[in-house]
Amino acid sequence: MLKLLSAGGAGYAALAGMMFLLQGALLYHPDIGRESRRTPRDVGLDYETVWLTTEDKVRIEAWFVPAPAARGVVLLAHGNAGSIAYRVDYAPLFHRLGFSLLLLEYRGYGRSEGKPSEEGTYADARAAWRHLVTERGFPAERIVLAGESLGGAVAARLAAEQRPAALVLASSFVSVPELAAELYPWLPARWLARYRYDTLEAVERVSCPVMIAHSREDEIVPFHHGERLFAAAKGAKAFLELAGGHNGGFLYTRDGWQVELGRFLDRHVPRSAARAGSP
C-alpha cells in the first residue's frame, strides 16, 4: 500500500510538473490554421497589410480594413488559437457599423516574428495602438478596443493603460489562474499558473464604457466569468448574452447581436461626431 501511495504521489507530482513546464504549449496555439490564406477580400472588403515594430523590437503583422468616412476604428485582439485569417468575418460587422478595423496578429502567430508570451502580447497591442494614433490619426476617443477569449485580457489591459472610446469583450475569462482551477480541479492549478492574463483586475481599472458578451453554453469559459467581468466594470456598461459554444458564439455570427453592439457603439461613439482617421 505504501508503495502504491508513493507511486501515485510521484505520478501526481510529475503531472503537476509537466503542467507547470508546458503551460506555454497549452495556452498558445499559433499553428492552428497557419496555412489559411483567407483575407478580408474573401468577404468583399479591401485591406492593407501593416508591419509594426514593438517596443522590444519584434516585427508583427496587422491588417487594416478601412471603412468609408469611418467614425472610428476597432482594434481587435483575437483568442489564443489561429490567426487573423480566422477573424476576417469581424470586418463586415464593423464595416456596417461605420468602423474601420485593425486585426492584430500576435508575435509568433501568422507571419509575425517572435514567440508568444504574456508581456509580449501586451506589447503587441501597444504597438497597434501607437500605429492607430500616430500613423492613422485616430484620436483615443475614436478607438474601440475589442478582444475575444484570451484577447479580452489583452484588450482590457490596453484599455486600462489608455482611454479608448469603449471596450468590448467576447467570451473572456476572469484570469488564467481562475480558469485553470476550473478546468483542472484535480491539480493546484491556481498556484501552478505562470501566466496571469488578469482581465478582472484590468476591467476594474478601466474608465471607458464596457460591453461584455458571453454565452451560457460556453464549454471552455463558464458564463459566470462574463458575469464577474460585467460586475467589475464601474462606469457605463452593457451585457450581451450570446448563444453557442466557446468557438461558435462570437459577435459576427448573428444579426441580432450586431443590432445590440450597434446600439452600444452609437451611445458611446456617435455617428454624428466628426469623422477621423480616414486612411
His224/Arg38 FRET efficiency (R0 45 Å; Cβ-Cβ; nearest 0.05): 0.85
Could you give the length gained on full extension between Lys57 and Arg267, defined as 0.36 nm per residue of separation minus the Cα-Cα distance, in nm? 71.8 nm
Net charge over other residues, Cβ less than 11 angstrom from the Cβ of Ser83 (K, R count +1; D, E count -1): +1
Whole-percent carbon and sulfur contribution to the accessible surface of region 24-109 (1.4 Å, no ligands, DNA or RNA) stands at 51 percent
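Return an integer: the convex hull volume of the alpha-carbon atoms of region 44-199, in Å³ per residue.
Details: hull volume 16.8 nm³, N = 156.
Measuring per residue, one finds 108 Å³ for the Cα hull of region 44-199.
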Which ³J(HN,Hα) values, rounded to whole Hz and listed in residue order, are derived for region 205-210 from phi using the Karplus coefficients 6.51, -1.76 and 1.60 in 6.51 cos²θ - 1.76 cosθ + 1.60 with θ = phi - 60°, glycine and proline given as x? 9, 6, 10, 8, x, 10
Under the definition of Cα pairs under 8 Å and six or more residues apart, what whole-number percent is the relative contact order of region 50-167? 31 percent
Scalar couplings 3J(HN,Hα) for region 29-42 by Karplus 6.51 cos²θ - 1.76 cosθ + 1.60 (θ = phi - 60°), nearest whole Hz, x for Gly and Pro, are 10, x, 7, 5, x, 4, 7, 4, 10, 5, 9, x, 5, 5
Looking only at aspartates and glutamates whose Cα falls under 13 Å of Lys115's and that sit 8 or more positions away or on another chain, we get Asp31, Asp56, Glu105, Asp124
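The values are calculated or read from the model by the stated rules, or taken from the named source; none is laboratory data. Since we're looking at a predicted model, the values are computed, not measured. Neighbour counts are summed over all protein chains in view; Cβ atoms, including those assigned to glycine, are modelled from backbone coordinates with ideal geometry. Heads up: the accessible areas ignore ligands, DNA and RNA and are worked out on the full protein's heavy atoms, side chains in. Shrake-Rupley method; radii C 1.70, N 1.55, O 1.52, S 1.80 Å.
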